[in-house]
Amino acid sequence: MDVHEVVILGSGPAGLTAAIYTARAGLKPVVVEGLKAGGQLMDTTDVENYPGFPDGVQGPELMELFKKQAERFGATFVSGDATKVDFASSPMRVWTEDGELQSKTVIVSSGASPLELGLPGEKEYAGKGVSYCATCDGFFFRDQEIVVVGGGDTAMEEALFLTRFGSRVTIVHRRDQFRASKIMAQRAIDHEKIEILWDSVVEQVIGDGTRVQSLRVKNVKTGDTFERPCGGFFVAIGHRPNTELFRDVLDMDDQAYLVAGHGAATKMPGVFIAGDVHDHTYRQAVTAAGAGCRAAIDCERWLEAQ
Ligand SMILES: Cc1cc2nc3c(=O)[nH]c(=O)nc-3n(C[C@H](O)[C@H](O)[C@H](O)COP(=O)(O)OP(=O)(O)OC[C@H]3O[C@@H](n4cnc5c(N)ncnc54)[C@H](O)[C@@H]3O)c2cc1C
């Protein structure tokens, strides 16, 4: 069986950037694409903040370009998820539905998934008014009614950020107090553009077939339901890192994000991490791509040193 120089797990911006760099370094990377080839940007339409595209670019088109660039330098691709790993063996072993891969190094860039509410209309209007990222999409909702669901620090941050754009920002929260830190919660409560609907849940996303128009909201204490006009609906209830496979293998924090040691290295020699699987602060395509570059360079240097 061939022993590869590097196997990359995931084909989002982090994994494909790592593939471009390691391919150009002559390491012939094999990318295990994952069930969601292209990663999170496959779920979005306009990306306006990725440098180099002054007129914006569609998420799937951007990821196609990343892949083409990696292929040009000799990266190869295996479809589907990695289903099992053994990082303690030498060479390391990665299993996919197609069989086993052996490699001297592995770059883990398996990303994260935003948590969804699972509401009627939520999927249908994702990217058409329903968003999971204020930094990414806030700009699209200038002077519109914006609604945020969530009660943690991230939801407060997102709501405060969205006041720059929305005519009004409404936070819908199922309880009568936020889980967020006191200081963040108070900032949101005190903000003149933010209104809070306590004890309330969104039950349905309503649109005209092309865009979100309103939300059906229910007060859980009184049982009253009403329709709230809404142009942008931000679901800010958290993310789940795709790290199940690495439980008891790599170090994780209390939210199951992978933890790096020096640079992109992990505690397992020859295993490097990049992107949203590790970064729960920035969560942007450009930061994930930057992390992919960093992991690739760390990986090249590690191989050279062996
Ligand atoms: C709807 C939406 C819109 C967004 N819009 C923007 C935007 O406009 N601008 C911006 O900068 N950012 C945006 N983001 C954020 C951006 O998409 C992420 O920060 C970025 O994609 C993270 O890249 P990543 O490579 O780390 O992970 P991901 O993009 O999450 O990719 C992870 C990859 O790993 C794969 N994978 C998972 N498990 C396994 C496994 N077991 N084996 C192999 N592969 C696996 C997945 O299938 C996927 O291919 C948006 C995110 C969402 C959800």
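Highest first, please rank the peptides 85-92, 109-116 by the mean number of other Cβ atoms sitting within 10 Å of their residues.
Going from most to least packed, we get 109-116, 85-92.
Measure nothing but the geometry: give the 0 to 90° angle between the long axis through the Cα atoms of 285-305 and the longest principal axis through the Cα atoms of the chain, rounded to 10°.
Tilt relative to the chain: about 20 degrees.
Once Lys and Arg get +1 and Asp and Glu get -1 on their Cβ, which of 17, 132, 171 lies farthest toward the positive end of the dipole of the chain?
171
Sorting check: for 271-278, 30-37, 119-126, which peptide has the highest mean count of neighbouring beta carbons within 10 Å, and how do the rest follow?
271-278, 30-37, 119-126
Specify whether the C-alpha gyration tensor of the stretch 116-235 places it in the rounded, prolate or oblate class, a ≥ b ≥ c being the square roots of the eigenvalues: rounded for a/c under 1.5, otherwise prolate if a/b is larger than b/c and oblate if not.
oblate
Considering the chain, which cysteines have no disulfide-compatible partner, defined as another cysteine with its Cβ under 4.7 Å away?
Result for the chain is 230, 293, 299, no neighbouring Cys Cβ within the cutoff.
Enumerate the residues in the stretch 243-287 having an amide nitrogen under 16 Å from the point lying 7 Å beyond the Cα of residue 86 toward its Cβ.
Answer for the stretch 243-287: 249.
State, to one decimal in nm, how far the label point of residue 113 lies from the label point of residue 189, with both points 7 Å from Cα in the Cβ direction.
Each label point lies 7 Å from its Cα, and together they span 3.5 nm.
Of all DSSP beta bridges located in the stretch 116-235, what percent are antiparallel, nearest 5?
45 percent
For the ranges 183-196, 154-167, 237-250, what's the packing order if you count other beta-carbon atoms within 10 Å of each residue, average per peptide, and put the highest first?
For the peptides 183-196, 154-167, 237-250, the packing ranking is 154-167, 237-250, 183-196.
For residue 6, which sequence-distant residues (separation of 5 or more, or a different chain) have an amide H within less than 5 Å of its own amide H, given hydrogens modelled in the peptide plane?
30, 104, 105
From the convex hull of the Cα coordinates of the chain, what is the mean projected area in square nanometres?
Over every viewing direction, the Cα hull of the chain projects on average to 16.9 nm².
How much length is gained if the chain between residue 244 and residue 35 is pulled fully straight, taking 0.36 nm per residue apart and subtracting their Cα-Cα distance, in nm to one decimal?
73.8 nm
Taking Cα atoms, how many degrees apart are the long axis of helix 59-72 and the longest axis of the chain, rounded to 10 and kept between 0 and 90?
Roughly 10 degrees between the two axes.
Mind listing the phi-derived Karplus ³J(HN,Hα) values for the stretch 128-136, rounded to whole Hz, using 6.51, -1.76 and 1.60 with θ = phi - 60°, and x for any glycine or proline?
10, x, 8, 9, 10, 8, 5, 4, 6
Just to confirm my numbers, what's the Cα centroid distance between the stretch 131-158 and the stretch 35-58 in Å?
Using only Cα atoms, the two centres lie 18 Å from each other.
Where both residues lie in the stretch 1-117, what percent of DSSP beta bridges are antiparallel, nearest 5?
50 percent
Using the structure shown, select from 67/267; 36/128; 193/218 the pairs with a Cα to Cα distance greater than 26 angstrom.
Beyond 26 Å between Cα atoms: 67/267.
So what is the calculated 222 nm ellipticity per residue for the chain, using -39500 (n - 2.57) for each DSSP H run with n of 4 or more, over all residues, to the nearest 500 deg cm²/dmol?
Helix contribution divided over all residues of the chain: -7000 deg cm²/dmol.
Just so you know, all these numbers are worked out from the coordinates, no wet-lab data involved. On a predicted model such as this, the values are computed, not experimentally measured, just so you know. All Cβ positions, glycine included, derive from the backbone under ideal geometry; neighbour counts span all protein chains shown.
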